[in-house]
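Accompanying notes for the structure given below.
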Amino acid sequence: MDRTTTEWNISLNMRAALVALVLLVVGLGLWEGLNQVPTAGNTAEMTEYEKLMGGVEDTARVPPPSDVIERAWEELSNPFYDAGPNDKGIGIQLGYSLYRVLAGYLLAAAVAIPVGFLIGMSPLMYRALNPFIQVLKPISPLAWMPLALFIIRDSEASAIFVIFICSIWPMLINTAFGVAGVREDWVNVARTHELSPLKTAFQVILPAAAPTILTGMRISIGIAWLVIVAAEMLVGGTGIGYYVWNEWNNLDLTSVIFSILMIGVVGMLLDMCLASVSRLVTYEE
């Protein structure tokens, strides 16, 4: 990459950042201006419903960004407090959710990648397992929750199982696709050198298929983070999904919006971590 191309990329990134900043400021300004709480015509204290609706008007309003920023400062100043079962800091709630996501995700990877290798390397196994994959893949992960609760009889393990189910298919399919797409010449060279099937898989096929496998892993972590929020709303107890639902029951829309933003930030960080690994693997190749 020459100097001109590098300077152009830097200039493009700066302009993109400037446009994003302008859009953010305009969006926040409109949000703030359109959602100011109206002043009541009398001094009577508003009911909880009126507070939720943004005042005494019939028009529903959401909290302005100034209230959300204030709430974010309060929550992030002490994110790990624990004042009881229904009053835990945002850091603790996110920790529970991340634990469930990573547990189910890693279990799915431990199953999906080896099975994907098997399917990709064996046309027989592909034809044998493909009908099962095509039937099970479209099923919504949350549809498994009642059955998981009945069989496992534990909400924590059931949530992890749901994450396992939703994470396994992108990794399995991408692994099989990446393995099957490895150039036949490379496999023939491995046979010429009399490499065992295991060595061929690790030394030839895995490095060639790694970018495709990592793409499946990125898709899976995104889906898992989406599903855990809904799963925790169903099972309750702890987690960011439960936090959102609990704050809604408390008629606290400011905390609901704050938690939605935190879900987006954590999901972005998870994707960035896997994207960095993917770029590193591609660069080394």
Among the numbered criteria (1) surrounded by fewer than 19 Cβ atoms within 10 Å (Cβ to Cβ); (2) in contact with a helix residue (DSSP H, G or I) (Cβ under 7 Å, 6 or more places away or on another chain); (3) within 20 Å of ILE90 (Cβ to Cβ); (4) of a type outside the set (Asp, Glu), which single criterion is violated by LEU226? (2)
Restricting attention to the range 9-32, and to residues there that are within 26 Å of the chain's Cα centre (by Cα) and of a type in the set (Gly, Ala, Ser), which single residue is least open to solvent (accessible area, probe 1.4 Å)? GLY27
Out of GLY84, GLY104, report the one residue that is under 26 Å from the mean Cα position of the chain (by Cα) and open to solvent by less than 60 Å² (accessible area, probe 1.4 Å). GLY104
Restricting the first residue to the range 161-176 and requiring it to be within 17 Å of PRO131 (Cα to Cα) and open to solvent by 20 Å² or more (accessible area, probe 1.4 Å), which pairs with a second residue that is of a type in the set (Lys, Arg) and not in a helix (DSSP H, G or I) meet a Cβ separation below 8 Å and a spacing of at least six or different chains? TRP169/LYS137; ILE173/LYS137
One residue is enough: does the range 133-143 have a residue meeting the conditions part of a helix (DSSP H, G or I) and within 13 Å of ALA176 (Cβ to Cβ)? yes
Based on what the data block shows, is ILE240 farther than 30 Å from VAL135 by Cβ and either touching a Leu at 6+ places or on another chain (Cβ under 6 Å) or of a type in the set (Asp, Glu) (or both)? yes
Hey, which of the helices (runs of 4 or more DSSP H) in the range 1-96, taking only ones fully inside, have at least 2 residues that are modelled with pLDDT under 65 and farther than 29 Å from LEU269 by Cβ? 3-34, 48-52
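Given the structure, is ASN246 touching a residue at least 24 places away in the same chain (Cβ under 8 Å), open to solvent by 20 Å² or more (accessible area, probe 1.4 Å) and over 30 Å from ILE69 (Cα atoms)?
no
Looking for something under 26 Å from ILE240 (Cα atoms), under 21 Å from the mean Cα position of the chain (by Cα) and assigned to a helix (DSSP H, G or I) - is there at least one such residue anywhere in the range 110-123?
Yes, that holds for at least one residue.
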Helices (runs of 4 or more DSSP H) fully within the range 176-285 counting 3 or more residues that are at pLDDT 90 or above and of a type in the set (Phe, Trp, Tyr): 240-249
Would you mind stating whether LEU234 is under 14 Å from the mean Cα position of the chain (by Cα), open to solvent by 70 Å² or more (accessible area, probe 1.4 Å) and within 30 Å of LEU76 (Cα to Cα)? no
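The values are calculated or read from the model by the stated rules, or taken from the named source; none is laboratory data. Computed from a predicted structure; not experimentally measured. As a convention, Cβ positions derive from the backbone with ideal geometry for all residues, glycine included, and neighbour counts pool all protein chains shown. When the accessible area is computed, the model is the full protein with side chains, heavy atoms only, and any ligands, DNA or RNA have been set aside. Shrake-Rupley method; radii C 1.70, N 1.55, O 1.52, S 1.80 Å.
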